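Accompanying notes for the structure given below.
Every read-out reported here was derived from the displayed coordinates using simple, explicitly stated rules and does not represent laboratory data. Note that the structure is predicted; figures quoted are calculated from it, not measured. Note that each Cβ is placed from the backbone with ideal geometry, even for glycine, and that neighbours are counted across all protein chains shown.
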Amino acid sequence: MKIINKKNKIFIGLEDIANIPMMFKKAFEENGLKCDYYKWSNIGEHAFGYGKDKTFFIFKQPPPFRIFGKNPFWLFSELLASAYLLYSILRYDYFFFVTESTFLSNNKDLKIIRLFKKRVIMMFTGCTVRDVNFGEADEDYVCKKCLFTAQQIWCLCNDTKRKKKLVNRLERLSDKIFGQDDLTGYVDDKSKLLWFYIISDYPKNKVNLSEKYNQKEIRIIHFPSNPLVKQSHIIIPILNKFNNHKDVKIIIKDAIWGRERVEEEISKAHILVNQLGFGYNTLPVEAMSYGCVVFNSHPLWFKRNVPDAPIVHITAETLEHTLEHFLNNRTELREYAEKSIEYYFKYHSPKAAGNYYRKVLEI
């Protein structure tokens, strides 16, 4: 029977990026810690249909109407957020925030949380904090080839002074920051940094690799949550060259797919061509758990942190040749699949990752 330590109550909020909050909840609870994930009610569904736990109601943006050009619902949302903050401070001891979204605007709540001797842990997960001019980036680096111009505006990609100011504010008001090198480049106090191991749920079915990799047809998938950022404009034309290749099936996710379809395709796939420009993320971890080999950028700075990761390194220039190589070397492909499953259970399963986070945070 699972024993939950009710003294260590953990809050996770308030965004949903790649199912990270729900998996942290599961990981902590598998390691005996009480945890809740709260999401703002106005946040839409994730592209891959991930689940949710609890919600805090606030009014939608943009508002249904304005008065003299002003948003009358902003004040109500701030008052509600203040009430949720007080409720949470009285109930929880550890506060995990996904990137910069906290209870109050400009993160004013973090000072209050720490005033009550609670611990604040920031989880740097996306482009809002990514170092645009990351020092060790190569020509494929995401910020050099990103096509999502609208996101570049609200992520302050064209105003790095403001972006660094945001990161430094979060740094100053937090106890620890989980992130990977390209996401923590603007952090000055490196002693606050801890490596971010992504967590993925256990595979629903045990994978029979002998049966899977003895199939005549090799299934190659590309499921971008955001094609403009994942460099799908480079990846998809290369994949299309293999459409008429003997015994190869290319599957690219349709926007209308539900969660069950996504999981089904991942479980059947042999190769996931994920993204160019930065390290592997949640979808590749899910793929590993099913013995699907991950093709992804794997630069030197990432390798130094995860040296035994069974990632097939690709660049825009090498992707086509690398696919050809593995299609002609099925034994090597299966060896990567075996290592992928082992690696998932060692680092990315809820039990393993939760144990890691509990230890490094001394919870």
Charge dipole (the chain, unit charges on Cβ, about Cα centre) - positive-most of Cys35, Ser191, Ser225: Cys35
Computed [θ] at 222 nm, deg cm²/dmol, the chain (DSSP H ≥ 4; -39,500 (n - 2.57); rounded to nearest 500): -11000 deg cm²/dmol
Shape category assigned to the range 139-229 from the gyration tensor of Cα positions, a/c cut at 1.5: oblate
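Taking the Cα centre of the range 209-348 as origin and charging only Cβ (+1 Lys, Arg; -1 Asp, Glu), how large is the dipole, in debye to the nearest 20? Walk me through the numbers before you get to the answer.
Details: 17 positive and 17 negative charges, 20 e Å.
Charge dipole, the range 209-348, about its Cα centre: 100 debye, nearest 20.
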Listed residues Ile10, Phe148, Leu319: farthest to the positive end of the dipole of the chain (Cβ charges): Ile10
Rounded tilt (10° steps) of 350-361 against the dominant C-alpha axis of the chain: 50
Degrees, to the nearest 10: 73-91 long Cα axis against longest axis of the chain: 90
Dimensionless Rg over Rh [the range 209-348; C-alpha; Kirkwood]: 0.92
Folded to 0 to 90 degrees: helix 160-172 orientation relative to the chain principal axis, Cα: 70
Equivalent ellipsoid, the range 234-282 (semi-axes from 5 times Cα gyration tensor eigenvalues, Å): 19, 16, 11
Rg/Rh (Cα only; Kirkwood hydrodynamic radius) as it applies to the range 270-358: 0.97
Spin-label zone in the range 268-289 - amide nitrogen under 17 Å from a point set 7 Å from the Cα of Thr318 along the C-beta vector: 272-280
Cα centroid separation, the range 292-332 to the range 229-250 (Å): 16
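How big is the charge dipole of the range 266-363 about its Cα centre, in debye rounded to the nearest 20, if each Lys and Arg gets +1 on its Cβ and each Asp and Glu gets -1 on its Cβ?
Values: 10 positive and 10 negative charges, 85 e Å.
It comes to approximately 400 debye.
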The range 73-123: projected area of the alpha-carbon convex hull, averaged over directions, in nm²: 3.3
Rg/Rh for the range 64-202, where both radii come from Cα atoms and Rh is the Kirkwood radius: 1.01
The chain pair-distance distribution - Cα-Cα, 20 Å bins, rounded %: 28, 57, 15, 0
Charge context of Phe24, other residues only, Cβ under 12 angstrom, K/R +1, D/E -1: -3
